[in-house]
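Visitor: This is the structure, below, for whatever I ask next.
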Amino acid sequence: MSSSTGELSAVELTAAIRSKEISAREALDDHLQRISEVNPVINAVVTLDADGALALARAADQLTASGADLPPLHGLPMTHKDTNNTAGMRTTQGSLALRDFVPDADDLIIARLKSAGVVSTGKSNVPEFGAGSHTFNELFGTTTNPYAPALSAGGSSGGVAAVVASRIQAIGDGSDMGGSLRIPASFCNVVGFRPSTAVIPMPSDVNAYAWLGRTGPMARSVEDVALFMSVTAGSDPRVPYPAGLQPEVFRDSLETDMRGMRIGWSRDFGIGVPVEPEILEHLERQLSVFADLGAIVEEATPDFSEADLVFGNTRAMDFAAGLGPILEHAGDVIKPEVHWNVNKGLALTARDLIETAAARTRLERRVQEFFGRYDLFASPCAQVLPFDATLRYPAAVAGVESETYLDWMRSACLLSATGLPVLSVPAGFNKAGLPIGLQLAGNHYTDMQLLRWGRAFEQQTGYAAVAPSLASTPVPQEDLSSVSA
């Protein structure tokens, strides 16, 4: 075994710990050493509890020595996204309003990871309250891209993507409302997976029926994504959705045969979504991988004409319900994008909500019409390449000006509106070495089959194995500038 575990997958590292080839303490030491080496450059880990992690690693090694049955993620070191509550560990959501908040209980996804044997070490950075797909905040500053540390790592799971890409850890927990698992995956050359509704339940005291936001994994391989899902999926009595997929589904084989399957590909989602030409040209060359595997690839798209309405109003309602009370007592320290989204939600009328429900119904019918003809939908994951990290968000995309902080994320938001499972897989690099991701969507609750198709692409390309050099200097945190909405 190499002295460094950073290049190992979660499957490989947990197998090595179970077989006593390496101890949990040694895995933790390598994890902490990697944080000390690269975090000054990328600013991804914002809270660290080395002493608490050491106690967990020692307990894991004692369990190994006892001969007892070991959990699936036994001894695996992991930081957690700072929007996911961690009992006894500061959870700020990137906001000055919560700078000293220490939860009493874990969110469900964290509880399941801990039960599976994870050694929790700290928290990774997020945009304030997860709003936007660029990771910066007034509390901790900006997280930057391991492949180009002057550029954005994406968001809101940008800290997660950066720690996984930089070999700090093999997998990480994230969340995704409008692309927060997929866009940072695209920017950082890792895999990001947004599961189907309630596959990983999200209990809520505000709205147990919320469907737009999801929690899910990031990793450097689809195999590790499946491992993550196998310990975090499964119903919860606090979430009133019917049981969708149980953990054992994700323990099935990832082998698949793509011969004869039909893939619809779209450059602009059929509604003129702007995408940088360099991204489109690159991805269209990558589609030949599927053709080589025997799939039929055609230009085709679901009708997304009402998806912006569905996403925009549902997101606004969720923001108003979840963050409205916080703005009432701490609004003066919360960024304007959050104010805008909450105020939009508070301004929704009964007619708006009725129209949103009807539009979502029509969107679902059109999605099912598409999947009556095709097995898979492929599209650009991000509309832009990683951009200057000192910006709040891109001022324009392919010459089209951004009116709000969400406009440059539409490639992900449109698919969020459908509720479908969506996967971002590494699809290579541009001439400057910047990562580009391909976005794949399957029909509802075909999550495991979607992972199989993503793995087939991954096996043919191997892009995620290309590690960043992290040779550049960090972005100056004081240079964060505004781009007007």
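The values are calculated or read from the model by the stated rules, or taken from the named source; none is laboratory data. Being a predicted model, the structure only gives us computed values, none of them experimental. Please note: Cβ atoms are built from the backbone with ideal geometry, for glycine as well, and neighbour counts cover all protein chains shown. Surface areas here come from the heavy atoms of the whole protein model, side chains and all, with no ligands, DNA or RNA. Shrake-Rupley method; radii C 1.70, N 1.55, O 1.52, S 1.80 Å.
Visitor: Could you pull out every one of the strands (runs of 3 or more DSSP E) wholly within the range 106-215 that has 3 or more residues that are open to solvent by 10 Å² or more (accessible area, probe 1.4 Å)?
Guide: Of the strands (runs of 3 or more DSSP E) lying wholly inside the range 106-215, those with at least 3 residues that are open to solvent by 10 Å² or more (accessible area, probe 1.4 Å) span 148-152.
Visitor: Among the residues of the range 12-39, write down those that are among the aliphatic types (A, V, I, L, M) and either modelled with pLDDT under 95 or crowded, with 17+ Cβ neighbours inside 10 Å (or both).
Guide: The answer is 13, 16, 17, 22, 24, 27, 28, 32, 35, 38.
Visitor: Show the residue pairs meeting these rules: Cβ distance below 8 Å; 6+ apart or different chains; first residue within the range 92-104 and closer than 17 Å to residue 159 by Cα; second residue in a helix (DSSP H, G or I) and of a type in the set (D, E, K, R).
Guide: If the second residue must be in a helix (DSSP H, G or I) and of a type in the set (D, E, K, R), the pairs left are 93/128; 94/128; 95/128.
Visitor: Further, regarding this structure: Just checking, which of 379, 472, 481, 411 is at pLDDT below 95 and touching a strand residue (DSSP E or B) at 6+ places or on another chain (Cβ under 6 Å)?
Guide: Sole residue among the options that is at pLDDT below 95 and touching a strand residue (DSSP E or B) at 6+ places or on another chain (Cβ under 6 Å): 472.
Visitor: Now for a separate question. Sort out which residues of the range 245-300 are touching a helix residue (DSSP H, G or I) at 6+ places or on another chain (Cβ under 9 Å) and at pLDDT below 95, and write them in order of number.
Guide: Of everything in the range 245-300, just one residue is touching a helix residue (DSSP H, G or I) at 6+ places or on another chain (Cβ under 9 Å) and at pLDDT below 95, namely 245.
Visitor: Moving on to the next point. Would the range 69-78 turn up any residue that is more than 27 Å from residue 233 (Cα to Cα) and open to solvent by less than 50 Å² (accessible area, probe 1.4 Å)?
Guide: There is no residue in the range 69-78 that is more than 27 Å from residue 233 (Cα to Cα) and open to solvent by less than 50 Å² (accessible area, probe 1.4 Å).
Visitor: Kindly indicate which of 11, 46 is under 16 Å from residue 122 (Cα atoms) and touching a residue at least 60 places away in the same chain (Cβ under 8 Å).
Guide: 46
Visitor: If the requirement is being modelled with pLDDT under 95 and more than 11 Å from the chain's Cα centre (by Cα), which of these qualifies: 208, 150, 170?
Guide: 208
Visitor: Grab the helices (runs of 4 or more DSSP H) fully contained in the range 276-357, keeping just those with 1 or more residues being under 26 Å from residue 430 (Cα atoms).
Guide: Passing ranges, in order: 277-286, 288-292.
Visitor: Related question: Within the range 435-447, can you find the residues that are touching a helix residue (DSSP H, G or I) at 6+ places or on another chain (Cβ under 8 Å) and open to solvent by 10 Å² or more (accessible area, probe 1.4 Å)?
Guide: 443
Residue-wise test of (1) without any contact (Cβ under 8 Å) to a residue 60 or more places away in the chain; (2) open to solvent by 30 Å² or more (accessible area, probe 1.4 Å).
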position	(1), (2)
309	yes, yes
320	yes, no
323	no, no
326	no, yes
331	yes, no
343	yes, yes
346	yes, yes
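Visitor: I'd like the residue in the range 458-470 that is over 19 Å from the mean Cα position of the chain (by Cα) and over 15 Å from residue 433 (Cβ atoms) and, out of all such residues, is surrounded by the fewest Cβ atoms within 10 Å (Cβ to Cβ).
Guide: 462
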